[in-house]
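The values are calculated or read from the model by the stated rules, or taken from the named source; none is laboratory data. Computed from a predicted model, the values in this text were never measured in an experiment. Methodologically, a virtual Cβ is constructed for each residue, glycine included, from the backbone with ideal geometry; neighbour enumeration extends over all protein chains shown.
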Protein chains: 4
Amino acid sequence: MLKVKIIEHTPNPEALVSNAARLCYSDLGIDDLFNKYTDKQNQKMIDKLMNLKHESPIEHVSFTFGVEGISRTLSHQLVRHRIASYSQQSQRYVKLNQFEYVIPPSIDSNKYLKALYIQQMAVTQSAYNVLVRDLIASGKSEKEAIEDARYVFPNSCETKLVFTMNARTLMNFFKLRSCNRAQWEIRELSDEMLRQVKKIAPNLFKYVGANCMFGKCSEGKMTCGIPRRVEEYE
Amino acid sequence: MLKVKIIEHTPNPEALVSNAARLCYSDLGIDDLFNKYTDKQNQKMIDKLMNLKHESPIEHVSFTFGVEGISRTLSHQLVRHRIASYSQQSQRYVKLNQFEYVIPPSIDSNKYLKALYIQQMAVTQSAYNVLVRDLIASGKSEKEAIEDARYVFPNSCETKLVFTMNARTLMNFFKLRSCNRAQWEIRELSDEMLRQVKKIAPNLFKYVGANCMFGKCSEGKMTCGIPRRVEEYE
Amino acid sequence: MLKVKIIEHTPNPEALVSNAARLCYSDLGIDDLFNKYTDKQNQKMIDKLMNLKHESPIEHVSFTFGVEGISRTLSHQLVRHRIASYSQQSQRYVKLNQFEYVIPPSIDSNKYLKALYIQQMAVTQSAYNVLVRDLIASGKSEKEAIEDARYVFPNSCETKLVFTMNARTLMNFFKLRSCNRAQWEIRELSDEMLRQVKKIAPNLFKYVGANCMFGKCSEGKMTCGIPRRVEEYE
Amino acid sequence: MLKVKIIEHTPNPEALVSNAARLCYSDLGIDDLFNKYTDKQNQKMIDKLMNLKHESPIEHVSFTFGVEGISRTLSHQLVRHRIASYSQQSQRYVKLNQFEYVIPPSIDSNKYLKALYIQQMAVTQSAYNVLVRDLIASGKSEKEAIEDARYVFPNSCETKLVFTMNARTLMNFFKLRSCNRAQWEIRELSDEMLRQVKKIAPNLFKYVGANCMFGKCSEGKMTCGIPRRVEEYE
């Protein structure tokens, strides 16, 4: 089961972004700037920044997520977002006596395929167990044994991550990954992350998500034809 | 006058780093991880990470600084640190009716040079004023006028920035910029930043600073010969 | 005088981008991929990538530019592009006995302002010379003297850089900096860079430049109203 | 079978690095700089840079590698190096009718474990085949079928990449991944990459590799105790 949690985030994100942006165009000192504006004024400032695509001030805000119940299929896609920081549970160091796994909905909803899939997972765990045992018996250290035995583990294998992205990386992430053409698993993660950051910084993330949410699909001929809706994130 | 202020930072930085690091080597879930360890244990964990140079988990923590009273000499050096986010007061948008400036101590302490320097600053302000006025009179917009007139402004001209660096960028920054071979102005900034982050995350920044603080200069034949001392940051 | 030169670039840029992109969707081996396709086919592939905004494969190609005759105003804007590598002539190490400088066209075209500007530059060189001489006389090393004396140098002061950007960074650079709302100096640099890379990789840079070149201004109410034209880059 | 090939690289890498470094400290123009120095002088310059840890000029040089015959275990580790560009064969788009796979030497050298491993791979291919067939039969598109069926594929599954790293990223990569404490598979890749870049730029990569090659292990108590030797890369 996908589990997403914001562990920490930059406090007062919308005031920070607004005032950092104002600094560029103002002769006020920093103390004055940071004490002058109301939430309402900050909201307007953020609207203006988003309209002008003046995105650099939003980088000052970052969010650290804890995520569990995702597959290594997903984590391999996730870590391709390079302007971010990742800590991931290691299969080299952690012995998985009963690995958890993700079942794609298309398989989960089909009795025969689900049975086949679960059996395949069981066979894999058995192979891993034998490999670990025999590699240790043959003189390898436990670490050497598990780091080689894990070659049989599937993409479906559950993993856990703590990762940090700033709000600009997040905007790009949501645009790409909340698109219906992203795979369902990373889309579910992206959608849930977006729901959670919207609670913390509603103005900052008001215009964020797949392009289709704002009336313009970017997938050309590959379009899915079914725009995402703002209400999905409320 | 240099003025440095931490505007925001990731809350609970040392717990975050410790638990993100533990996740890599543990089969615990994220909630369990983040509720299990004491401050003392986190301190030990951070010591271990720093000893092993396992630096990636410290990236989860970031600090946003507001800085005033620095020259554009310094800001040009500062923004060369690329894994960071900057918002800087713009000379294209902000008209400087009386620009502030930084005086290097070597000049400030010499009566004749100081007089020469101050006079040079005054002459520059006058030239700027005439250029702005006449460019506007010749049909330019105010923005066009000030963005061209500013070509006369000196490196000494005061600037303000809000910038965000994660703790790993900061470690590299302090190593390079708290070194006596860095220029005095960015070294003063670096020293003050280090003092302030040490108050917030003393364990995380315990082993941080110029290499000489820890017994090994990295400047080879160019060494200044005068190691920085931990006490300078207390 | 602005001088721009491509010193080195990744050889065969369009074949590289095309085949790297194909690898994602193909079961061919790398040797087969890289020997199979004609220039015509690569051109089509690049058109397709640009239409789909599949930009990551263009990162494999990078260009190293040598640039002279630009002001430090420009270089301060340039180095804010963080996904790039810069080597810049240092005012800390290089003593400027007669600094070169850039004159903004708005000033150059006005007899009185030009005279004022040139005089201001001369006054500045004199101040620098005295500062260097007297700081050395007061016991500073030459390096210490010039790194402090340079605080009087203006933004207009000429600088030289060698910098490397990959094609994806360049696309973003051209979009922002060939826009009429960028300052004239960095726009001239951007325009000249674009002209030169178009000669080397015409297909890769066919759809690149300010958004207005392709019918859509991104500046909203701030629009200049005068779209850039493809012919300007031929 | 691991296959590594340098597809393209920045031409004249050592001259480029040397002259970019010289620019910082020289008042010469770019044309003069790039025509003045001999290979011998460039070699000395690079030695000097490496001694002073003045690493930024080496970023101007980049190498594009084509790699085949590696597992997705390895590619998941590889893409964690973020200052680099990756194009990877997609399991979402490429149907693998008979997936290739990597066998860890510890398993390959053990008759029973090898048999178990090969059988496990065969079972996995069968499960994938059935999943793809039945998902299509149930109304999914081929793409939807293969992107879900691939959840059973193992870490051992062969993948292909084209990736580009600059020389500074490579130095860090070799330091970490040619260490005996890296896993054997990424170490073999790293070693082979290092051998190949040393042929192209022998001076640039002379002081590069695991720290132990130069007399100082960085793994503390975790040391393997068996230093890598320069001769391994000749």
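In region B:29-39, which residues are at the interface with chain A (Cβ under 9 Å from one of its Cβ atoms) and assigned to a helix (DSSP H, G or I)? If the condition is that a residue be at the interface with chain A (Cβ under 9 Å from one of its Cβ atoms) and assigned to a helix (DSSP H, G or I), then B:ILE30, B:ASP31, B:LEU33, B:PHE34 are the ones that fit. For region A:194-211, the condition of being at pLDDT below 95 and assigned to a helix (DSSP H, G or I) holds for at least one residue. The residues listed here are A:SER190, A:SER126; of these, the one that is at pLDDT 95 or above and buried (at least 17 other Cβ atoms within 10 Å of the Cβ) is A:SER190. Applying the criterion of being touching a residue at least 12 places away in the same chain (Cβ under 8 Å) and of a type outside the set (Val, Ile, Thr) to the residues of region C:102-128, the residue that is farthest from the other protein chains (Cβ to nearest Cβ) is C:GLN125. Within region C:130-150, not a single residue is out of contact with any Leu (no Cβ under 8 Å at 6 or more places or on another chain) and in a strand (DSSP E or B).
Being assigned to a helix (DSSP H, G or I), hydrophobic (A, V, I, L, M, F, W, C) and modelled with pLDDT of 95 or more is a property that holds for D:ILE118.
When C:ALA167 is tested against (1) crowded, with 21+ Cβ neighbours inside 10 Å; (2) within 30 Å of C:MET121 (Cα to Cα); (3) out of contact with any strand residue (DSSP E or B) (no Cβ under 6 Å at 6 or more places or on another chain), exactly one condition is not met: (2).
Residue-level check: of (1) modelled with pLDDT under 95; (2) crowded, with 19+ Cβ neighbours inside 10 Å; (3) of a type in the set (Lys, Arg), C:LYS53 misses just (2).
Quick test for you: out of B:ASN42, B:ASN97, B:ASN19, pick the one residue that is more than 14 Å from the chain's Cα centre (by Cα) and either surrounded by fewer than 21 Cβ atoms within 10 Å (Cβ to Cβ) or part of a loop (DSSP other than H, G, I, E, B) (or both).
Details: B:ASN42 fails: either surrounded by fewer than 21 Cβ atoms within 10 Å (Cβ to Cβ) or part of a loop (DSSP other than H, G, I, E, B) (or both); B:ASN19 fails: either surrounded by fewer than 21 Cβ atoms within 10 Å (Cβ to Cβ) or part of a loop (DSSP other than H, G, I, E, B) (or both).
Of B:ASN42, B:ASN97, B:ASN19, the one residue that is more than 14 Å from the chain's Cα centre (by Cα) and either surrounded by fewer than 21 Cβ atoms within 10 Å (Cβ to Cβ) or part of a loop (DSSP other than H, G, I, E, B) (or both) is B:ASN97.
Within region C:188-233, the set of residues being touching a helix residue (DSSP H, G or I) at 6+ places or on another chain (Cβ under 9 Å), closer than 18 Å to A:LYS53 by Cβ and of a type in the set (Lys, Arg) comprises C:LYS221, C:ARG228.
Which count do you get for residues in region D:212-234 that are charged (D, E, K, R), outside any loop (DSSP other than H, G, I, E, B) and closer than 26 Å to D:SER71 by Cβ?
So the first thing to find is which residues in region D:212-234 are charged (D, E, K, R), and the list is D:216, D:219, D:221, D:228-229, D:231-232, D:234.
Those left that are additionally outside any loop (DSSP other than H, G, I, E, B): D:221, D:231-232.
Going one step further and asking which of them are closer than 26 Å to D:SER71 by Cβ, we end up with D:232.
Of the residues in that region, 1 qualify.
Just one of the listed residues (B:SER75, B:SER71, B:SER90, B:SER26) is in contact with a Leu (Cβ under 8 Å, 6 or more places away or on another chain), under 30 Å from C:TYR128 (Cα atoms) and either of a type in the set (Gly, Ala, Ser) or at the interface with chain A (Cβ under 10 Å from one of its Cβ atoms) (or both), namely B:SER75.
Of all residues in region A:164-178 being of a type outside the set (A, V, I, L, M) and part of a strand (DSSP E or B), which is farthest from the chain's Cα centre (by Cα)? Lay out the reasoning, then the answer.
At the first step, the residues of region A:164-178 found to be of a type outside the set (A, V, I, L, M) are A:164, A:166, A:168-169, A:172-175, A:177-178.
Going one step further and asking which of them are part of a strand (DSSP E or B), we end up with A:164, A:166.
Working: A:THR164: 9, A:ASN166: 12 Å.
Looking at residues that are of a type outside the set (A, V, I, L, M) and part of a strand (DSSP E or B), I get A:ASN166.
From the residues in region B:134-170 that are free of Cβ contacts under 8 Å to residues at least 12 places away in the same chain and not β-branched (Val, Ile, Thr), which one is nearest to the other protein chains (Cβ to nearest Cβ)? Top of the filtered list is B:TYR151. Scoring A:ASN35 on the criteria (1) over 21 Å from B:PHE63 (Cα atoms); (2) surrounded by fewer than 19 Cβ atoms within 10 Å (Cβ to Cβ); (3) polar (S, T, N, Q); (4) out of contact with any Leu (no Cβ under 9 Å at 6 or more places or on another chain) leaves a single failure, condition (1). As a summary of the residue check, D:ILE7 satisfies the conditions (1) of a type in the set (Val, Ile, Thr); (2) touching a residue at least 12 places away in the same chain (Cβ under 8 Å); (3) surrounded by fewer than 18 Cβ atoms within 10 Å (Cβ to Cβ) except for the one numbered (3). Every condition in (1) in contact (Cβ under 8 Å) with a residue 40 or more places away in the chain; (2) crowded, with 22+ Cβ neighbours inside 10 Å; (3) part of a helix (DSSP H, G or I) holds for D:PHE65 except the one numbered (3).
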